[in-house]
Amino acid sequence: FIEVREGLAKILVPKAERIYDAPVFYNPVMALNRDISVLAVEVLKPRTVLDALSATGIRGIRYALETPAKEVWLNDISKEAFNLILKNVRLNLGVEGEGISEKRIAFRGEKEVVANLDDANRLMAEKFRYFDFLDLDPFGSPVEFLDTALRSIRRRGVLAVTATDTGVLCGAYLHACRRKYLAEPIRGELCHEAGLRILIGTVVRYAAKYDLGVDVLLAYYRDHYFRAFLRLKSGARKADESLSNLGYLWQEPNGRFEYTKAFLPEKLPSYGPLWLGPLKTQKFVDEMLSLAGTHSLAHKKTLSFIKTLLEELDVPFHYDTHALARKNNLQVGKLADIIEALREGGYHATRTHFSPVALKTDAPFEEVLGVLKSL
Ligand code: SAM
């Protein structure tokens, strides 16, 4: 093992040439994902938290050390992971003599950490409506855990979900996307935003059958994964409201996107169903940013990334200026100039975290094309 530090935690991770060869998984790049998650938990102040797929325990240990959460569960199906979780929990929190038992450790008086060796689905099924904040951070797709997770979260709790099967959600494997997400993915320049929206749309559909609606607190794409923080809302009407934000999207040869919030697509070929509602709750991200200034973050890009997310215009698609220029035989101008020209025209326009050459705007397509031509 080697010891690494991340946030306020120090943890042992297996020594390995490549991260996927290690007997227990630890990816330092995901420190940004964990930073943002820690800030989310700080803002939300849940009492009970589950890190359902915990590996080394780093995520749950950071929740225990860096947030007000009172009871944090760390679970993994792998015996090797579980043994390492126990080691890491003791390394960070296990004051001699204070442990209640091997698996349940109390520290700083009022806090409790539970290490658990089980199939996440079995644990979540047993802990019915127990967790205020439930984190799913799997290898690949989270779909196999969604049903039990939604039942294990309290009625107004929060699901934090990662998906690393970007190839599937971005349309590289069409049939896998149909199988897992019952959705038609889009390829090309919009694929990351559309993939994120297919993921959210899937959770919304799963939640609706339990009479649960969903508010998107924050959702983003980064480093080949998708991440969403979703607040559940109890009631059939809330579920209906969330479902009404599902719809379909299509693109014309010149690059124009259109969408419809309809139960069935009006035009073919179209992509979806996907979530066409907001990707953030402004107040939530604002609070995360204020906390980020004073928190010991592990990744040097976390703060600037949250700023980008906060400033981004929240509309259902973006324009990739390079793709748009190519489709219309134009030279592409500087992104900053295009955004400025749209703003001078009286529209909102911002950069987007989905791509360094893309923009989000509420200007009609013709205006965007007009600006591209004029520069
Ligand atoms: N959350 C960790 C972090 O931030 O470093 C990484 C988790 S890793 C991507 C996924 C973990 O899920 C692996 O450790 C694997 O053993 C575990 N796992 C896979 N299937 C599981 C299941 N059905 N129940 C519980 N754990 C499972």
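The values are calculated or read from the model by the stated rules, or taken from the named source; none is laboratory data. Computed from a prediction, not measured in an experiment: that's the story for all the values here. All Cβ positions, even for glycine, are placed from backbone atoms using ideal geometry, and neighbour counts span all protein chains on display.
The table below gives the values:
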| read-out | value |
| --- | --- |
| Near pairs, Cβ below 6 angstrom, 6+ apart or cross-chain, from segment 197-209 (touching a residue at least 12 places away in the same chain (Cβ under 8 Å)) to any residue that is part of a helix (DSSP H, G or I) and not hydrophobic (A, V, I, L, M, F, W, C) | Ile198/Tyr181; Thr202/Tyr181; Val204/Ser242 |
| Some residue of segment 35-49 being over 21 Å from Arg156 (Cα atoms), within 12 Å of the ligand (Cβ to nearest atom), touching a helix residue (DSSP H, G or I) at 6+ places or on another chain (Cβ under 6 Å) and not in a strand (DSSP E or B) | yes |
| Number of positions in segment 51-65 that are surrounded by 21 or more Cβ atoms within 10 Å (Cβ to Cβ), touching a Gly at 6+ places or on another chain (Cβ under 8 Å) and farther than 14 Å from Pro23 by Cα | 2 |
| Options Leu84, Leu91, Leu74; residue that is surrounded by 15 or more Cβ atoms within 10 Å (Cβ to Cβ), at pLDDT 95 or above, within 16 Å of the ligand (Cβ to nearest atom) and farther than 21 Å from Phe131 by Cβ | Leu84 |
| Identity of the residue in segment 99-118, among the charged types (D, E, K, R) and touching a strand residue (DSSP E or B) at 6+ places or on another chain (Cβ under 9 Å), that ends up modelled with the highest pLDDT | Asp118 |
| Check on Val368, assigned to a helix (DSSP H, G or I) and modelled with pLDDT of 95 or more | yes |
| Qualifying residues in segment 128-143 (those that are part of a strand (DSSP E or B) and of a type in the set (Phe, Trp, Tyr)) - the one nearest to the chain's Cα centre (by Cα) | Phe133 |
| Any pair with Cβ under 9 angstrom, 6 or more apart, that starts in segment 64-91 at a residue that is closer than 24 Å to Pro46 by Cβ and ends at one that is of a type in the set (S, T, N, Q) and away from the ligand (no atom under 14 Å from the Cβ) | Ala64/Asn92; Leu65/Asn92; Glu66/Ser296; Ala69/Thr48; Lys70/Thr48; Glu71/Thr48; Val72/Thr48; Trp73/Thr48 |
| Number of the exception - Pro23 against (1) assigned to a loop (DSSP other than H, G, I, E, B); (2) in contact with a Pro (Cβ under 6 Å, 6 or more places away or on another chain); (3) near the ligand (Cβ under 9 Å from one of its atoms) | (3) |
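For every residue, the table says whether it meets (1) over 19 Å from Asp35 (Cβ atoms); (2) touching a residue at least 24 places away in the same chain (Cβ under 8 Å); (3) assigned to a loop (DSSP other than H, G, I, E, B).
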residue: Ser242; (1), (2), (3): yes, yes, no
residue: Leu264; (1), (2), (3): yes, no, yes
residue: Leu268; (1), (2), (3): yes, no, yes
residue: Met288; (1), (2), (3): no, yes, no
residue: Leu291; (1), (2), (3): no, yes, no
residue: Leu297; (1), (2), (3): no, yes, yes
